[in-house]
Amino acid sequence: QKEMHAMEQGSVQEHGRSRKLSKIWVINERVRVGLAESLSTYVMMVFGLGSVAQVVTGRGAFGEYLSVNLGFGLGVAMGMHIGGRVSGAHMNAAVSFSMCLFGRLGWRMLPVYILCQLIGSFLAAGTIYSLYYDAIYHYCGGNLTVSGPKATAGIFATYPAPYLSLPAGFLDQVIGTAMLLLCLMALSDQRNQPAPSGSEPIAVGLLVLLIGVSLGSNSGYAINPSRDLGPRIFTAIAGWGPEVFRAGNGWWWVPVLAPMVGGVTGASIYKVFVELHHPSPCEHRREIEDEAEEEAAPLDMQKNLSPEVCV
């Protein structure tokens with residue numbers, strides 16, 4: 001009986017220890033993913049916002065619209081290199097939300113991703129503000145404005161062109177983000193034509209560059225709630241004030257909500273038009289075997305021919 005009691009006690013202790021280790025592992029996993037996602041987003045945003053600051057404060061002497069596209073595209077690539085194998089380097093709340101909806105990310109991790117993305121983008125805005133502080137004040141004469149010929153709030157967050165209505169702007173962000181998620185789904189689809197292993201960062205960076213040069217002029221192609229909201233909050237605190245939320249007929253909510261709609265739309269389109277129609281693994285294996293047999297058939301015929309016929 002004593003031996004049985006000792007064994008039971010040992011079993012209880014072992015079970016308690018395993019539960020503690022499990023909890024520690026879960027906490028560590030969230031911390032590890034969160035830190036990687038924050039740093040990935042921070043790096044992407046430093047390069048992206050820095051390219052905008054250089055163009056605006058340099059009055060075109062240190063780049064132009066293409067420079068901004070390149071800055072964000074290459075910034076995304078570098079961010080993916082930093083956190084791609086740890087958190088997936090979403091760097092975009094619309095991407096994280098879509099991945100949860102399609103079962104590729106647990107819902108319990110969504111708040112971690114969004115919070116860390118916002119922290120990364122907020123800190124990046126602070127970094128660029130500090131780095132270009134003198135240039136910004138020299139450019140605008142110390143008058144921090146959201147609109148007008150010397151506006152500087154657009155360095156950090158996106159604002160609509162003067163001709164753009166809210167409904168058209170909403171559609172602009174839905175389509176831009178839909179194209180992003182549609183192509184991301186294709187680039188990661190191992191049963192279609194995915195990006196070669198190791199080349200995913202540059203492929204996604206080129207995708208962001210492509211969206212910028214084709215769909216970016218209406219409102220700066222935020223296509224990312226995390227990219228827009230964090231820096232907008234920073235500018236409200238840093239001196240631009242509540243006008244950052246009032247400008248463009250209250251534009252601020254469009255790049256927050258529309259990308260969520262667009263991300264789900266684009267991912268759904270790819271799934272309905274392509275992914276759902278992939279053959280089953282057995283059918284795929286049978287197709288490969290049939291192709292191999294067809295390729296080998298001419299060789300088998302040659303083997304069966306007599307030497308006289310081959311001459």
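The values are calculated or read from the model by the stated rules, or taken from the named source; none is laboratory data. Computed from a prediction, not measured in an experiment: that's the story for all the values here. Cβ atoms come from the backbone with ideal geometry, glycine included; neighbour counts cover every protein chain shown. Surface areas here come from the heavy atoms of the whole protein model, side chains and all, with no ligands, DNA or RNA. Shrake-Rupley method; radii C 1.70, N 1.55, O 1.52, S 1.80 Å.
Quick check on my filter: what residues within the range 239-263 are open to solvent by less than 30 Å² (accessible area, probe 1.4 Å) and in a helix (DSSP H, G or I)?
Residues satisfying the conditions are 240, 244, 247, 250, 251, 254, 255, 258, 259, 262, 263.
Which one is least open to solvent (accessible area, probe 1.4 Å) among residues in the range 98-136 that are out of contact with any helix residue (DSSP H, G or I) (no Cβ under 8 Å at 6 or more places or on another chain) and under 20 Å from residue 36 (Cα atoms)? Write out each step before concluding.
Within the range 98-136, the subset out of contact with any helix residue (DSSP H, G or I) (no Cβ under 8 Å at 6 or more places or on another chain) is 99, 103-104, 108, 111, 130, 133-134.
Checking which are under 20 Å from residue 36 (Cα atoms) leaves us with 99, 104, 108, 111.
On the way: 99: 29, 104: 109, 108: 140, 111: 82 Å².
Of everything passing the filter in the range 98-136, 99 is least open to solvent (accessible area, probe 1.4 Å).
Assess whether residue 161 counts as being closer than 24 Å to residue 59 by Cβ and either surrounded by fewer than 22 Cβ atoms within 10 Å (Cβ to Cβ) or in contact with a strand residue (DSSP E or B) (Cβ under 9 Å, 6 or more places away or on another chain) (or both).
yes
On the given criteria, is residue 75 surrounded by 19 or more Cβ atoms within 10 Å (Cβ to Cβ), part of a helix (DSSP H, G or I) and of a type outside the set (Phe, Trp, Tyr)?
yes
Could you list all residues from the range 188-208 that are open to solvent by less than 40 Å² (accessible area, probe 1.4 Å) and assigned to a helix (DSSP H, G or I)? Before the answer, list the steps.
Our first condition is that a residue be open to solvent by less than 40 Å² (accessible area, probe 1.4 Å); within the range 188-208, this holds for 189, 194-195, 199, 201, 203-205, 207-208.
Those that are open to solvent by less than 40 Å² (accessible area, probe 1.4 Å) and assigned to a helix (DSSP H, G or I): 201, 203, 204, 205, 207, 208.
Would the range 137-152 turn up any residue that is among the aliphatic types (A, V, I, L, M), crowded, with 17+ Cβ neighbours inside 10 Å and in a helix (DSSP H, G or I)?
Within the range 137-152, none of the residues are among the aliphatic types (A, V, I, L, M), crowded, with 17+ Cβ neighbours inside 10 Å and in a helix (DSSP H, G or I).
Pairs needed: first member in the range 52-71, at positive phi; second member anywhere, at pLDDT 90 or above and not polar (S, T, N, Q); C-beta distance under 7 Å; at least 6 residues apart or different chains.
63/55
Restricting to the range 209-236, and then to whatever is among the hydroxyl-bearing types (Ser, Thr, Tyr) and closer than 16 Å to residue 91 by Cα, can you tell me which residue is surrounded by the fewest Cβ atoms within 10 Å (Cβ to Cβ)?
221
Among the residues of the range 108-118, is any outside any helix (DSSP H, G or I), basic (Lys, Arg) and under 20 Å from the mean Cα position of the chain (by Cα)?
The answer is no; no qualifying residue exists.
Quick grid of which residues meet (1) under 18 Å from residue 131 (Cβ atoms); (2) in a helix (DSSP H, G or I); (3) open to solvent by less than 20 Å² (accessible area, probe 1.4 Å); (4) at pLDDT 90 or above:
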residue	(1), (2), (3), (4)
43	yes, yes, no, yes
46	yes, yes, no, yes
50	yes, yes, yes, yes
56	yes, yes, no, yes
66	no, yes, no, yes
71	yes, yes, yes, yes
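Given the structure, is residue 86 of a type in the set (A, V, I, L, M), more than 16 Å from residue 227 (Cα to Cα) and either in contact (Cβ under 8 Å) with a residue 12 or more places away in the chain or surrounded by fewer than 24 Cβ atoms within 10 Å (Cβ to Cβ) (or both)?
So residue 86 fits the description; yes.
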